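Read through the structure below, which is laid out as structure tokens, and then see the notes.
The values are calculated or read from the model by the stated rules, or taken from the named source; none is laboratory data. A quick note: this is a predicted structure, and the numbers were derived from the prediction, not measured. Quick reminder, even Gly has a Cβ in these numbers, built from the backbone with ideal geometry, and neighbours come from all protein chains shown.
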Amino acid sequence: MNKLSEKRICSLLNKNPNKGLSLAMDIYGGAVKTICKNILYDCKKEDIEEAISDTFFKLWKNIDKYRFDKNTPLKSYIYAIARNTALDKRRKLKGNSIVLPIEENNLGITVSMEDEYVQKINSEVISKTIYNMEEPDKSIFILRYFYYERIKDIAERLNLSSKKVENSLYRGKEKLKKSLTEGGIIHE
């Protein structure tokens, strides 16, 4: 989706929320549903649907916080809302028994996440590192840590062995750890 279309969605969300939400759901609804379903895989259908609805409600309520000048695609903003909404719903329903997102604590390094600035810098380093990965490593990481797909499902989808997927995830985590050490803000 190009920047002009993204601006149109944002403009509609401000001026005509029904049309803006309808357009956003048409374009991004499938991926949002996948994210919510994968994170809430063992929850009721109603809980998944509520997370999807909450995602688009939060998009509408927080569209003013989306910044075009940061070159972050609108879909990334929406997918982050979906991911966080589903994770919050999971915590509420299941307590703290949750698969952690790909953040510094998954990489075996200690980071103080009290500071929002630290979190932002580290998040940018993680995103840039994943974006620069070769295929199929990039797809494996995205499917595993953003869509929460199981290793077996990733292997089937990409016609790889489960062992190849596991090895790719291990090597990718090592790259991320190195990138965070070099370019992120690490507190050991």
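Some points to look at:
- Residues located in region 143-165, provided they are under 21 Å from residue 80 (Cα atoms) and not acidic (Asp, Glu): 143, 144, 145, 146, 147, 148, 150, 154
- Which listed residue is closer than 27 Å to residue 41 by Cα, at pLDDT below 85 and not assigned by TED's automatic domain parsing to the domain that holds residue 85, from 156, 149: 149
- Boolean, residue 92 is out of contact with any Asp or Glu (no Cβ under 6 Å at 6 or more places or on another chain), in a helix (DSSP H, G or I), loosely packed, with under 14 Cβ neighbours inside 10 Å and at pLDDT 85 or above: yes
- Residue 121 vs. criteria modelled with pLDDT of 80 or more and surrounded by 11 or more Cβ atoms within 10 Å (Cβ to Cβ): no
- Candidate set from region 4-16 (those that are surrounded by fewer than 14 Cβ atoms within 10 Å (Cβ to Cβ) and over 22 Å from the mean Cα position of the chain (by Cα)); member that is nearest to residue 73 (Cα to Cα): 4
- Every listed requirement among (1) surrounded by fewer than 17 Cβ atoms within 10 Å (Cβ to Cβ); (2) at pLDDT 75 or above; (3) assigned to a loop (DSSP other than H, G, I, E, B) is met by residue 98 save one, (2).
- Of the residues making up region 138-188, just one is without any contact (Cβ under 8 Å) to a residue 40 or more places away in the chain, part of a loop (DSSP other than H, G, I, E, B) and aliphatic (A, V, I, L, M), namely 160.
- Selection from region 150-184 of residues that are acidic (Asp, Glu) and either surrounded by 20 or more Cβ atoms within 10 Å (Cβ to Cβ) or in contact with a strand residue (DSSP E or B) (Cβ under 7 Å, 6 or more places away or on another chain) (or both): none
- Number of the exception - residue 51 against (1) outside any helix (DSSP H, G or I); (2) at pLDDT 90 or above; (3) among the hydrophobic types (A, V, I, L, M, F, W, C): (1)
- Condition check for residue 72: within 14 Å of the chain's Cα centre (by Cα), without any contact (Cβ under 8 Å) to a residue 60 or more places away in the chain and surrounded by 11 or more Cβ atoms within 10 Å (Cβ to Cβ): yes
- Among residues of region 28-48 that are buried (at least 23 other Cβ atoms within 10 Å of the Cβ), those with a beta-carbon under 7 Å from a residue that is in a loop (DSSP other than H, G, I, E, B) at least six positions away or on a different chain give the pairs 35/147; 39/148.
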